[in-house]
Amino acid sequence: MSLKLLMGPSGSGKTYRLYGDLIRNSMEHPEKSYLIVVPEQFTMQTQKEIVMLHPNKGIMNIDVLSFNRLAHRIFDAAGGSQKVVLDDTGKSLILRRVASQKEEELTSLKGKLRRLGYINEVKSVISEFLQYDIGSRELEEMIAQNEGKPALCGKLKDLLLLYEGFRSFLSKNYITTEEILDRACHAAERADFLKNAEIVFDGFTGFTPVQNRLLKKLMRIAEKITVTVLLGEGENPYEADKDQKLFHLSRKTVQSLTCLAGESETGKKEDEILPGSPVWRYRDNEPLAFLESNLFRNYRAVYEKEAPQISLAQAINPSLEAEWVCRQIVKLVREEGYRYGDIAVIMGDNESMPGVLETKFLRYQIPYFMDATIGILMNPFTECLRAACEVLLDDFAYESMLRFLRTGFAGLSDEETDFFENYLRGTGIRGRKRYAQAWEVKFRGFDDEELLRVNDLRERIVKVFLPLESLLPVTKKRPAQIYVRAFYEFVAEMKIQEQLKAFEERFDAQGNKAKVREYAQIYRYVLELFDQIMELLPEEEMALSEFSDILDAGFGEMRVGIIPPGVDQVVAGDMQRTRLTHIKALFLMGVNDGYIPKNGSKGGIISEMDRELLLSQNVELSPTTRQQSYIQRLYLYMNLTKPSGKLFLSWSRVSEDGTSLRPSYLLRVIRKMFPLISVSEVQEEIPETQLRTPEEGLRALASGLREKRTPEYLELYRYFKRDEAY
């Protein structure tokens, strides 16, 4: 039983060394188990790495796991009954119900819980409590300590009430995902595969208290534990430092693991620190080696030479910025021998930029994978169910009916929906009773034939809603299972599954693989939500408005994960989620103030001031905004040191909605380090000498043919005239 720390800067080869040693050991000792534990989103990539490095091109006796998968492996090996694990959707369903039952006892949070998304806020706080080992007793101590602060005290009392109600509901049959590791700690000693196993932890910037507890248990059982730690050259991992230091998280991790090794009486091997200056990744790239060794550390360091490997570009808006990125990608692939898989894009703005970038990728025919989970709350299918609830609750009001029809699942074509909308606008008809009777009102010259047509549409809509008739009147309380059965019949009556399949085939024809996967999974996700309601709340009496709130809470938690559909494609994602390996070129987009680094938390149930106060009382929760800003610098360092060849940074002057944007402080840091790098202004019009795709050529031809009767434009004209597709 021993602990070893493998430390080194980004690009020094920690992972390569670790996996190489593990593969050699696994081949020499085929009877032993070797486990690699990595962050959840990195498991598939790590499996691929091991297969590529292994001489036999197989994983053999090596398992690649995340923390949660490791816990489930322990449960399988240890045996015994296992409670049902409750995911985020299940937690939101239970919290919605608990909040409804406890509403009269609440003070500070009363009246807010029905807001869209607020239950998600409560769920996040409770998940945080579970993750950081805060139970009812700790909450009571926090309340007692803050009696003189009524605002914070009131929120903590309400959270304690909801927390206890939530835990009471779970006590018999369920556990949360945060509690899985806790239970794994108790079962680990009965898991034979852990005894004499070698376990490595790679890709983590730190560990939560619950993860630390499992690590401590594994140190007592496994033969050897190895952990990689990101640490700059010359840094002392055991020296105390402050939050603002770049490698503070790494030092904190090293000190925590060393303490755990002492408590578990585990022998600690000598640390191995890989050299830098330059690190292995930048042995042939002097400018990027200089960036790695000085970024956020030596602010006076200056690279006095040209640095063609680093490019800076300023665009008017994100659309033009995304276009510039696509042009550079096409140039790298066509002129410099890059593959699409060698290139990655990290976006500072993860809300508006993905849509803009996807549009440009499709225009430039660049294969890509958007590394993100997709929320289903606004998917047309879930919007259809939510709108149907609103139609019943608003008694077939014009606005709610049109919201339902515009989802595209009611069986009406766009033209029929427009026709029906015009009639509703002109007559102001509303109410379930009016929909049950023939409409005879004519307006604006409506003739008998058009009246027959609108009544036919009315009858088709009424037929769609027949399975939901049993839910009227909407104020009557019924068991949740009655609502689930009614909505299931509603979905079946509209043939939603067939309609989703048609959407899927349409997106497949367009080459939009992400949408194909989203629509392929959405039906199953919704039915799983129905199943969870039937399992968790079957006999709970509620009105339709409460059931609608539960649907909103469930849909708000569901996210569709997309597996990369191909190999040779550009990966686009964000700084903290996306894991990049073996890339040659990196584009960092949206290097604007507020995006990089991101603005502080917009608040929450426990505000930023509350968190700072609790931190001063030695209550550990998720990082505060101040701490998060320092952590973001570490992620910036990790991302900027990923490419082995080229680094591109770009930013915009204004946002998509026209708001003025300022460049990020990161650009000042880079320009001080590399004073000879110039900033290029992205031009809206592409010079004819730089046209690289038919789409660029066609737009240039359309905009310039009248004014520019040059040989280049005439050649463009002849090119498109010869092609039958144009």
*Leu230: net charge of surrounding residues, Cβ under 15 Å, Lys/Arg +1, Asp/Glu -1, itself excluded?*
+3
*Looking at Leu35, Leu714, Leu231, which one has the Cα that reaches farthest to the positive end of the dipole of the chain (charges on Cβ: Lys, Arg +1; Asp, Glu -1)?*
Leu231
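Which of the peptides 297-306, 86-95 is most tightly packed, and how do the rest follow, judged by the mean count of other Cβ atoms within 10 Å per residue?
Working: 297-306: 11.8, 86-95: 22.4.
Highest-to-lowest ranking by the protection proxy: 86-95, 297-306.
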_Dipole magnitude of the stretch 63-211, debye to nearest 20 (Cβ charges: Lys/Arg +1, Asp/Glu -1, about Cα centre)_ = 660
*Among all the aspartates and glutamates, which ones have a C-alpha under 12 Å from Lys217's C-alpha, if same-chain residues fewer than 8 places away are not counted?*
Asp182, Glu189, Glu263, Glu265
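With a 1.4 Å probe and all protein chains in place, put Val474, Val567, Val210 in order of accessible area, largest first. Before the final figure, lay out each step's value.
On the way: Val474 30, Val567 105, Val210 5 Å².
If we order Val474, Val567, Val210 from most to least accessible, we get Val567, Val474, Val210.
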_Nearest-0.05 FRET efficiency for Ala502 and Val462, computed from C-beta distance (R0 22 Å)_ = 0.35
*Nearest 20 debye, what's the magnitude of the dipole of the stretch 478-618 about its Cα centre given +1 on Lys and Arg Cβ and -1 on Asp and Glu Cβ?*
860
*Ignoring everything but the protein chains, give the 1.4 Å probe accessible area of Ser413 in square angstrom, nearest 10.*
50
_Relative contact order (percent, whole number), the stretch 294-411, Cα cutoff 8 Å, 6+ residue spacing_ = 17
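Give Lys91/Lys149; Lys102/Lys477; Lys102/Lys123; Lys305/Lys646; Lys14/Lys48 a once-over and call out the pairs whose C-alpha atoms are over 22 Å from each other.
Details: Lys91/Lys149 29 Å; Lys102/Lys477 17 Å; Lys102/Lys123 15 Å; Lys305/Lys646 16 Å; Lys14/Lys48 17 Å.
Table pairs above 22 Å Cα-Cα are Lys91/Lys149.
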*Across the stretch 570-582, in residue order, what do the Karplus-derived ³J(HN,Hα) couplings come to in whole Hz, using 6.51 cos²θ - 1.76 cosθ + 1.60 with θ = phi - 60° and x for Gly and Pro?*
6, 9, 10, x, 10, 5, 8, 7, 6, 9, 10, 9, 6
_Could you work out the relative contact order of the stretch 161-244? I mean the mean sequence separation of Cα pairs under 8 Å and 6+ apart, divided by the number of residues, in percent._
30
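At 1.4 Å probe size, with every protein chain present, just tell me what the per residue accessible area of the stretch 494-646 comes to in Å².
Values: 6500 Å² over 153 residues.
Result: 43 Å² of accessible area for each residue.
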*Where the centroid of each part is defined by its Cα atoms, how far is the stretch 636-677 from the stretch 431-445 in Å?*
60
*Which value, in Å² rounded to 10, gives the accessible area of Asp568 with a 1.4 Å probe and all protein chains present?*
60
_Need the C-alpha centroid separation for the stretch 378-417 versus the stretch 218-278, integer Å._
56
*Quick one: net charge around Glu141, please, counting Lys, Arg +1 and Asp, Glu -1 for every other residue with C-beta under 14 Å from its C-beta.*
-3
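According to the square roots a ≥ b ≥ c of the eigenvalues of the Cα gyration tensor, what is the shape class of the stretch 523-644, taking rounded for a/c under 1.5, prolate for a/b larger than b/c otherwise, and oblate for the remainder?
Values: a/c = 3.01, a/b = 1.34, b/c = 2.25.
Because a/c hits 1.5 or more and a/b fails to exceed b/c, the stretch 523-644 counts as oblate.
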_Charge context of Ser644, other residues only, Cβ under 10 angstrom, K/R +1, D/E -1_ = +3
*Rounded to a whole number, what % of the accessible area of the chain do carbon and sulfur atoms account for, probe 1.4 Å?*
49
_So for each of 635-647, 122-134 I average, over its residues, the number of other beta carbons within 10 Å; can you give me the resulting order with the highest mean first?_
635-647, 122-134
*When only alpha-carbon atoms count, how far does the stretch 608-686 stretch along each of its three principal axes, as whole angstroms with the largest first?*
57, 35, 20
*Starting from the residue with the highest accessible area, list Asp552, Asp456 in decreasing order, probe 1.4 Å.*
Asp456, Asp552
*For the stretch 376-446, what is the accessible area per residue in Å² when the probe is 1.4 Å?*
46
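Given the stretch 247-295, what whole percent of its Cα pairs are spread farther than 15 Å?
Values: 729 of 1176 pairs.
That fraction is 62 percent.
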*Arrange the residues Met589, Met609 by how much accessible surface each exposes, largest first, with a 1.4 angstrom probe.*
Met609, Met589
*What accessible area, in Å² to the nearest ten, does a 1.4 Å probe give for Tyr525?*
40
*the chain, relative contact order in percent, only Cα pairs under 8 angstrom and at least six apart counted*: 20
*Mind putting a number on the dipole of the chain about its Cα centre? Charges go on the C-beta only, +1 for Lys and Arg and -1 for Asp and Glu, and I need it in Debye to the nearest 20.*
1060
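The values are calculated or read from the model by the stated rules, or taken from the named source; none is laboratory data. All figures in this text were calculated on a predicted structure; none of them were measured in a lab. Every residue, glycine as well, gets a Cβ built from its backbone with ideal geometry; the counts of neighbours run over all protein chains shown. Just the protein is used for accessible areas: all its heavy atoms, side chains included, with ligands, DNA and RNA removed. Shrake-Rupley method; radii C 1.70, N 1.55, O 1.52, S 1.80 Å.
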